[in-house]
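First the structure, in the form of structure tokens, and then the observations on it.
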Amino acid sequence: AQSVTQLGSHVSVSEGALVLLRCNYSSSVPPYLFWYVQYPNQGLQLLLKYTTGATLVKGINGFEAEFKKSETSFHLTKPSAHMSDAAEYFCAVSPRGSYIPTFGRGTSLIVHP
Amino acid sequence: GAGVSQSPSNKVTEKGKDVELRCDPISGHTALYWYRQSLGQGLEFLIYFQGNSAPDKSGLPSDRFSAERTGGSVSTLTIQRTQQEDSAVYLCASSLVLVLSAAPWTDTQYFGPGTRLTVL
């Protein structure tokens, strides 16, 4: 069965520091890969996604992620954290042949001034 | 354009009462999902609708939960005889489903703002 692992339920960084949120998936066939962000009291919204083509994907708010097939990873990064980045981040995979995406448990990003 | 809407935004009910939660998906999206998000937890898949096919109910936690989707658009999630453990945020999402190389893929999901259910 498909699984998605997000390392660290909480990640704490200082404002201006690098943000790195980790996501690993299990799949024999590269799926579609997504990162969603959830701000307090809101639904999830798409940050970025990988389908095919270039493995480095750029998203909104300065975030980017790199698909590494050999590592089955899709880590999310941002060079410089901003206070407004504090939110819950979810990695998700859409397996080929399945209608139901699988979500990771989420990582709460905390940004200190 | 209009996104996914959910109503009510908040619902407080007494244990044992029935509740109905509504979701209006994005027009043209054939796939519709319900998720439950408990405090500090990730997303728990509940049910999936795709076009006119039979729904995938594999995530429903008990027979107190049911859902329907009328006319391939609006969906209602019903919880009967609510329990305190049903307290959570219920999220609805809609998406397009792509068919590539004869296999379906779910594209970006668009989420509603959720309904916060509190069972006293």
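A few points about this structure:
- The protein assembly as shown, accessible surface, carbon-and-sulfur percent (1.4 angstrom probe): 50
- Heavy-atom surface of chain A, accessible at 1.4 Å and reported per residue (Å²): 47
- Taking all Cα pairs closer than 8 Å and separated by 6 or more residues, the relative contact order of the range B:38-120 comes to 22 percent.
- Residues along the range B:85-120 losing 50 Å² or more of accessible surface when the other protein chains are present rather than the chain by itself (probe 1.4 Å): B:Pro104, B:Trp105, B:Thr106, B:Thr108, B:Gln109, B:Phe111
- Interface B:A - total buried accessible surface [probe 1.4 Å, Å², rounded to 100]: 2100
- Per residue, chain B exposes 48 Å² of accessible surface when a 1.4 Å probe is rolled over the protein heavy atoms with every protein chain present.
- Solvent exposure, largest accessible area first (probe 1.4 Å, DNA, RNA and ligands not counted), of B:Ser62, B:Ser75: B:Ser62, B:Ser75
- Threshold 50 Å² - residues in the range B:26-59 whose accessible area is reduced by that much or more when the chain is no longer isolated, probe 1.4 Å: B:Leu43
- Subset of A:Lys58/B:Lys11; A:Lys58/B:Lys57; A:Lys49/B:Lys57 violating a 32 Å alpha-carbon distance limit: A:Lys58/B:Lys11; A:Lys58/B:Lys57
- Accessible area of A:Lys68 (1.4 Å probe, protein heavy atoms only, ligands and nucleic acids ignored): about 80 Å².
- Heavy-atom accessible area for A:Ile110, with the other protein chains in place and a 1.4 Å probe, reaches approximately 60 Å².
- A:Val4 exposes around 20 Å² of accessible area when a 1.4 Å probe is run over every protein chain in place.
- Taking all protein chains together and a 1.4 Å probe, the residues B:Leu32, B:Leu98 rank B:Leu98, B:Leu32 from largest to smallest accessible area.
- Ranking A:Ser73, A:Ser9 by solvent-accessible area of protein heavy atoms (1.4 Å probe, all protein chains present), from largest to smallest, gives A:Ser9, A:Ser73.
- Build a GNM of chain B with springs between Cα atoms under 10 Å apart, and of B:Arg69, B:Arg36, B:Arg81 the one that fluctuates most is B:Arg81.
The values are calculated or read from the model by the stated rules, or taken from the named source; none is laboratory data. It should be emphasised that the depicted structure is a prediction, and the values quoted were computed from it without experimental measurement. Side chains are part of the model used for accessible areas, which takes the heavy atoms of the whole protein and leaves out ligands, DNA and RNA. Shrake-Rupley method; radii C 1.70, N 1.55, O 1.52, S 1.80 Å.
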